[in-house]
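Derivation of every value follows stated rules applied to the coordinates shown; laboratory data play no part. Note that this is a predicted model, so its numbers are computed, not measured. Because the Cβ atoms are built from the backbone with ideal geometry, glycine has one as well, and the counts that use them run over all protein chains shown.
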Amino acid sequence: MVQVPLILAQGRPVNVSPPTYDLPRITLGVLALGAMTGASIWVMLPFAAAVVWATMIVIATWPVLVAVQARLGGRRGPAVAVMVLALLTLLVVPTWVGISTIADNSERVGKFVHSLATDGLPPPPDWLGKVPVVGERIAAKWQGMAGSPESLLARVQPHMKEAASWVAARAGGIGTTLIQLVLTVIVAGILYASGETAARGVLRFLRRLAGERGENSGRLAAKAVRAVALGIVVTALAQTLIAGAGLALSGVPHAGLLTAVVLVLCIAQVGPLLVVAPATIWLYSTGASGRGTVLLVFSLLAVTLDNLVRPVLIKRGADLPLLLIMSGVIGGVLAFGVVGLFVGPVLLAVSWTLLVAWVGDLDRVPAGAAPSPASTEGDSK
């Protein structure tokens, strides 16, 4: 109980109320809270990318975890193990294989570079000049550098320093990327194991922060993440099926391997163009115009499908304006990279919901409240 000080006034004690606020205490408390928050963010900053990726993956694949758990007799542990192994297979293993492949072929690449420096480029292939629009020009420049190491070095030397720095930066980032992927899988496994508890904690924090409106924003954010993931995966599968069918029907060699590359590129939001365009040019350059036309038609369908199917699927998963969704996806990728595919729509969805709710407060008149003067004047008229 707070003791109220007594002050003698004309020989009689008088109760004096304590001050309602203490400005220095409030200021120091806010500064201490800000310092603790900043220090906590600084400590967690190296894990921020892994936590964000793991959160997006867990939210998007939570229905899959529930389905796997139901098939395993309702046991969460084995279901989490299955999901973690799936993530390792999809994320870490391909990266590790790519690094090993680069390391195994480093000697061959070195010999090739040495041969270029001593003998120059070989003559251009015959089909290069038959490529429409740019084939003759590329073949002429290639022929100008063929068999002349001095000409090749003169053209390449100004860019060697930039290329070397770029390669060094990427080589240094490979280990960091692999560590981030492993951390993402570990954090995802923890969230899979205690997802309900984490979700309740986040919703309670949002309710404490902004009441019912904050909790609704959190649920909408989860729906937006799941909708974006559904749109990306389904669209990538549809694009891969169409592009794969075109590659197979046109008789392109190694169509199965190229289809797998198309799937990876579509999930990464690069699109199938990097595979189907060179294959189409190759077919036309070898004289197979009919098969090239078939692949061209399938390629156009696969490329345009991305702009038609993905927005519709995302809108079905989260009832948001289509322009808002597309702005979130494109702007998120430009601002945050690949993870922006999920972060961008979530940020815009939450901001849009809070803005609509805030503006909508004007339409809510409390029960028993007196009408405004403007409405009274309008009724009298």
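Things to note:
- Sequence-separation-based contact order of the stretch 212-361, relative, with Cα cut under 8 Å and 6+ spacing, percent: 32
- Distance (nanometres) between label positions extended 7 Å along Cα→Cβ at Val66 and Val261: 4.0
- Estimated inter-spin distance, Ala248 and Ile179, nm [label 7 Å along Cα→Cβ]: 4.4
- FRET efficiency, 1/(1 + (r/R0)^6) with R0 35 Å, evaluated for Leu85 and Val297 via beta carbons: 0.30
- Taking the Cα centre of the stretch 212-361 as reference, the dipole from Cβ charges on Lys and Arg (+1) and Asp and Glu (-1) amounts to some 200 debye.
- Ranked packing of 296-307, 251-262, 63-74, most packed first, by mean Cβ within 10 Å: 296-307, 251-262, 63-74
- A simple packing score, the average count of other Cβ atoms within 10 Å per residue, orders the peptides 206-218, 39-51 as 206-218, 39-51, with the highest score first.
- The stretch between Arg208 and Ser40 holds 58.4 nm of extra length on full extension. This uses 0.36 nm per residue minus the Cα-Cα distance.
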